[in-house]
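Data block below; observations after.
All of the numbers you see were taken from the coordinates with simple rules; none came from a lab. None of the values given here were measured: they were computed from a predicted structure. Virtual Cβ from ideal backbone geometry, glycine too; neighbours counted across all protein chains shown.
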Amino acid sequence: MNITDIARNVFYCGVNDRVTDKFEGLWPLPQGVSYNSYIVKGKDKIALIDTVRIDEVREFLDHVHAISGSATIDYLIINHMEPDHSGSIPVVLAEFPDIRIVGNAQTVSMVKGFYGITDDSRYCLIKDGDTIDLGERELRFYLTPMVHWPETMMCYVPDVRLLFSGDAFGCFGALCGGVTDSEMDSDRYIPEMYRYYSNIVGKYGKFVEKAIAKLADIELDYICPTHGPVWHERISEVMDIYGNLAAYRPEKGVTIIYGSMYGNTAEVAEIISCRLAQRGMRNIRVHSATHSSMSEMISDAFRYEGLVVGSATYSMRLMPPVEAFMSAMETREVKNKVFAAFGSYTWAKGAALGALREYAERMKMPVVASLTMQQSITDAFRAEAEALADAVYDALTLK
Ligand code: FEO
């Protein structure tokens, strides 16, 4: 079997990106990312599922032609319009002048807006549950809005029980030869899935849950996302990961995020982490907000039940990286956390802790423990930090 063959007459034609530093201009890509595209052949018609970012279009077209040969492509299915997938639409249209763009009403509006393709005869408009016949093979469409944009949809091929899932079940990490999880050691993609979901899709948990519920009765042998491996052997595992993240169902562990200028606030974080370890917690992640990537901090905070955030006072507020982190938490409507906060100050008592409390209140996240330290650690502040760690540990439901 060729490495691009996924199932009978379903092929991979995506590309890897190992040069972009930051996805969406924000999120680091230490292991790169893949932009996945697929070709489905029926007896009579051929469909291309999504395209790739415009920068990789030449390699993409080579892959498409290697699979389609002299045949033309009849349909371009647009499951998602974010330009990492839609960027090559104009080039594909030029390459296959008779191709019809398949999408829902929101897709069409976005294609017109992004790429100026106003000729309505180029579009094949579909609704939820519609099908397209490729000849002895059907494509069935499921609208899954806000996973991750309003137009997002999925496309199912019943005869091989294969789902093109868009961003859902995707992850960071370029492909390294193999495409399907059965062709690789796919363990390294799992942390990248947490990071991808929490960074990119995280705000839209209830829509992800709706989409997963919609798929409940579909038999699945393959999930083909727009990023990362095709899932075949690990389908139930990746569905559980997405289901848990979407429902804000945490895992056992505590994330500690702190902002420190001269090491005094950092010392509080170290005391808390040591105390948690003494109590038996094994999964502890500590991040200096100034040095860790926002991406990793969001990922860990999403994943683990305990969240402890501390900051030195800075211009009567939080250290800016801590402020940015809390804002990211609020934007993503993070919930179901055992949350504790600590601040430090030299003369403005309570400013940093007060700012953390404001976030917690807006996010309806109870503060199980807090402390505010003046200037530097003392025996009394050490005892308070250990008591804070004890309060967090005792409040955890997952120990
Ligand atoms: Fe991979 Fe939402 O685009």
Report task. Quote to one decimal, in nm, the extra length available between residue 315 and residue 336 on full extension: 0.36 nm per residue of separation minus the C-alpha distance between them. Result -> 4.5 nm
Query raised in the report: How would you classify the stretch 5-246 from its alpha-carbon gyration tensor, with a ≥ b ≥ c the square roots of the eigenvalues: rounded for a/c under 1.5, else prolate if a/b is greater than b/c, otherwise oblate?
Result: rounded
Query raised in the report: Taking the highest mean first, how do the peptides 273-283, 348-358, 30-40 order by number of other beta carbon atoms within 10 angstrom per residue?
Result: 30-40, 348-358, 273-283
Report task. For every helix of n ≥ 4 consecutive DSSP H residues, a contribution of -39,500 (n - 2.57) applies; sum these over the chain, divide by its total residues, and give [θ] at 222 nm rounded to the nearest 500 deg cm²/dmol. Result -> -10000 deg cm²/dmol
Requested in this report: Could you give the size of the charge dipole of the stretch 5-246 about its Cα centre, using +1 on the Cβ of each K and R and -1 on the Cβ of each D and E, expressed in debye and rounded to the nearest 20?
Outcome: 420 debye
Query raised in the report: Mind listing the Cα extents of the stretch 206-283 along all three principal axes, in Å, largest one first?
Result: 54, 28, 24
Query raised in the report: For the stretch 60-126, what class follows from the C-alpha gyration tensor (a ≥ b ≥ c being the square roots of its eigenvalues): rounded when a/c is under 1.5, otherwise prolate if a/b is larger than b/c, else oblate?
Result: prolate
Query raised in the report: Just for the stretch 251-395, what percent of DSSP beta bridges are antiparallel, to the closest 5?
Result: 5 percent
Query raised in the report: Looking at this model, which pairs from 43/214; 203/335; 127/210; 127/206; 252/337; 252/335 are more than 23 angstrom apart at the alpha-carbon?
Result: 43/214
Requested in this report: For the stretch 77-171, give the magnitude of the charge dipole about the Cα centre (Cβ charges: +1 Lys/Arg, -1 Asp/Glu; no others), in debye to the nearest 20.
Outcome: 100 debye
Query - At least 20 Å along the helix axis (C-alpha) and Kyte average at least 1.0, DSSP helices within the chain - result: none
Query - Within the chain, percent of DSSP bridges classed antiparallel, to nearest 5 - result: 40 percent
Query - Global geometry of the stretch 245-399, whether rounded, prolate or oblate, following the gyration tensor of its Cα atoms and the 1.5 cut on a/c - result: oblate
Report summary line: Protection proxy (average C-beta count within 10 Å per residue), highest first, orders 181-191, 245-255, 335-345 as 335-345, 245-255, 181-191
Report summary line: Highest mean packing first, using Cβ neighbours within 10 angstrom, the peptides 84-96, 107-119 sort as 84-96, 107-119
Query - Förster radius 51 Å - calculated FRET efficiency between residue 213 and residue 58, Cβ distance, rounded to 0.05 - result: 0.80
Requested in this report: Take the alpha-carbon centre of the stretch 64-138, take the same for the stretch 141-198, and report the distance between them in whole Å.
Outcome: 19 Å
Report summary line: Given all pairs of distinct Cα atoms, the stretch 248-301 yields a Kirkwood Rh in Å of 11.8 Å
